[in-house]
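What follows is calculated from the coordinates using simple rules that are stated; it is not laboratory data. Model, not experiment: these values are computed from the prediction. Counting neighbours? That spans all protein chains shown, and the Cβs are built from the backbone with ideal geometry, glycine included.
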Amino acid sequence: MISLLAKKMIKNYEDINNEHVRRAYGNLTSTVGIVNNIILFAFKFIAGTLAQSVSITADAVNNLSDAGSSIISLISFKLSSKPADEKHPFGHARYECIASMVVAALILILGLELIKSSITKIISPDAIEFSWLSIVILAFSISVKLWMYTYNKHYGKLLKSSIMEATAADSISDVMATGAVLLSTIISPLIHFNLDGYMGVIVACFIIIAGFGIIKSALDELLGKAPDEELVKNIQKKVEAYPGAIGMHDLVIHDYGSHSTFASMHVEVDHKVDVLKSHDMIDNMEKDIKESLGIEMVIHMDPIVIDDPLTNELREFVKETVHSVDERLSMHDFRMVPGVTHSNLIFDVVVPFQIKLSNTDILKAIEEKVKASYPTYFVVVTFDRAYTSDKISD
């Protein structure tokens, strides 16, 4: 249904990379969410009042808060689509993360209030009443929420929208919560025990868990999480497609939201190739990555020696030495500075966050192994952090 509405209401609906189209999708899904949740609230509130069920009434209030969340989504899409300006050169796309945090806060408050009212219901339960109206409304609510989960999840990934993915997570928690209420409504009359308050607590737990999940996801975006592995692999493929590129390292990606991704990296080239030719290749590479992946890329060119037998031998030896200290370590930017009494081996070592060894311990282990085989060689090491989850050095 959303796709049909998009075809009729959104101009150039297939151009999802267009910020105006993206905003239109956000407005459409948010509006549909508001309408759905208000309808569900009305039906459930009537059913909960007639059946004197705290869990159904609480589920109704949950839908009302979801309508409020959708209104926040509408506002966030408007704010996040604002173009970059002098004070915010990276755009305003992270407004979506802030909106997700607001939605999560509302969800947590609702969950805590629901626990309070459910405990009161457990202490003072009402008489058990079976209602077919409640059964039908709850089953209808589950089907609507499953549909909302499906389209929010789909368009959240397609448009890279954290607020839509947060709405999807909230919708699936609503499915489980309403399912628990439905189960209580069916089972309570059969066992002659009112499960209403207990199911209210279960519903509240689902709601609170969903709230914390949304907060975690939004915090990851705000703090800066490791880039998607598929994106890193796509960048590698782009670099490898150029014959003059020997290798790449020091890839750093900064994601400021949809269509606001900036990155930098080092690309190794043969030192004997004309610098203007290598520079032209780097320019083409940056343009290629911008057009195909939508990333503003800045590439540093690293000339390296690849035709000197001794340098190549020492490079392989140092690479194996670094791996022998810990196979998760990697080395790049290797060069040798020969001298009369001693020579320096200069290189960078990438240390993943999972490695607990200190830089001092790693350096000492490398020095000992190099000295054992090459007594007149000294090592000069610069330690780097891995800013991607994929190992792209070596």
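Subtracting the Cα-Cα distance from 0.36 nm times the residue separation, let me have the gained length for residue 158 to residue 223 in nm, one decimal. Mind dumping the intermediate values first?
Numbers: separation 65, 0.36 × 65 = 23.40 nm, distance 2.23 nm.
Answer, rounded to one decimal: 21.2 nm.
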Notebook entry, point to check: If you place +1 on the Cβ of every Lys and Arg and -1 on the Cβ of every Asp and Glu, how big does the dipole about the Cα centre of the chain come out, in debye to the nearest 20?
Noted result: 1420 debye
Margin query: Once R0 is set to 30 Å, what does the formula 1/(1 + (r/R0)^6) return for the Cβ-Cβ distance between residue 246 and residue 293, expressed as a FRET efficiency to the nearest 0.05?
Written below: 0.90
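Which number do you get for Rg(Cα) / (2.2 N^0.38 Å) in segment 283-394?
Dividing the Cα Rg of segment 283-394 by 2.2 N^0.38 Å gives 1.23.
What FRET efficiency comes out for residue 85 versus residue 308 if R0 is 56 angstrom and r is the Cβ-Cβ distance? Round to the nearest 0.05.
Values: r = 51 Å, r/R0 = 0.91.
The computed FRET efficiency comes out at 0.65.
Among DSSP bridges having both ends in segment 229-385, what percentage is antiparallel? Round to the nearest 5.
40 percent
Multiply the residue gap between residue 38 and residue 275 by 0.36 nm, knock off their C-alpha separation, and tell me the result in nm, one decimal place.
Numbers: separation 237, 0.36 × 237 = 85.32 nm, distance 6.44 nm.
Stretched out fully, the residue 38 to residue 275 stretch lengthens by 78.9 nm.
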Next item on the list: Answer with one residue from 95, 284, 273: the one whose Cα lies farthest towards the positive end of the charge dipole of the chain, charges on Cβ with Lys, Arg +1 and Asp, Glu -1.
Entry: 95
Check: For segment 2-223, what D do you get in µm² per second when you plug the Kirkwood radius from alpha-carbon pairs into Stokes-Einstein at 4 °C and 1.567 mPa s?
Finding: 72 µm²/s
Next item on the list: Express as a percent, rounded to the nearest 5, the fraction of DSSP beta bridges in the chain (both residues included) that run antiparallel.
Entry: 40 percent
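Longer than 23 Å from Cα to Cα, which of 7/157; 82/238; 237/290; 157/290 are they? Say none if no pair is.
Details: 7/157 19 Å; 82/238 31 Å; 237/290 14 Å; 157/290 20 Å.
Table pairs above 23 Å Cα-Cα are 82/238.
Output the DSSP H helices from the chain with an along-axis C-alpha extent of no less than 15 Å and a mean Kyte-Doolittle hydropathy no less than 1.0.
Working: long enough: 19-51 (47 Å, 0.67); 54-80 (38 Å, 0.79); 95-123 (43 Å, 1.69); 132-159 (40 Å, 0.71); 162-191 (43 Å, 1.22); 196-223 (40 Å, 1.57); 229-240 (16 Å, -1.04); 275-293 (26 Å, -0.68); 309-325 (24 Å, -0.38); 359-373 (22 Å, -0.44).
Length and hydropathy pass: 95-123, 162-191, 196-223.
When the Cα atoms of segment 226-354 are enclosed in a convex hull and the volume is divided per residue, what value in Å³ results? Spell out each step's value before the answer.
Values: hull volume 16.3 nm³, N = 129.
Given the Cα convex hull of segment 226-354, per-residue volume reads 127 Å³.
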Notebook entry, point to check: Cα convex hull of segment 131-272: how many Å³ per residue?
Noted result: 123 Å³
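Where the convex hull is taken over the Cα atoms of segment 189-264, what is its projected area averaged over directions, in nm²? Before the final figure, lay out the partial values.
Numbers: hull surface 35.8 nm².
Over all viewing directions, segment 189-264 projects a mean Cα-hull area of 9.0 nm².
Could you tell me whether segment 11-70 comes out rounded, prolate or oblate from its Cα gyration tensor? Rule is a ≥ b ≥ c as square roots of the eigenvalues, rounded for a/c under 1.5, then prolate if a/b exceeds b/c, otherwise oblate. Display every interim value, and only then the final one.
Details: a/c = 5.80, a/b = 3.99, b/c = 1.45.
Here segment 11-70 falls in the prolate category.
About its Cα centre, how strong a charge dipole does segment 1-62 have in debye, to the nearest 20, once Lys and Arg get +1 and Asp and Glu get -1 at the Cβ?
Result for segment 1-62 is approximately 160 debye, rounded to the nearest 20.
Does the chain classify as rounded, prolate or oblate by the C-alpha gyration tensor (a ≥ b ≥ c root eigenvalues; a/c under 1.5 gives rounded; else a/b over b/c gives prolate, otherwise oblate)?
Numbers: a/c = 3.96, a/b = 2.17, b/c = 1.83.
Prolate.
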Checklist line | Ordering of 279-286, 113-120, 92-99, 6-13 by packing [mean C-beta count within 10 Å, highest first] | finding: 92-99, 113-120, 279-286, 6-13
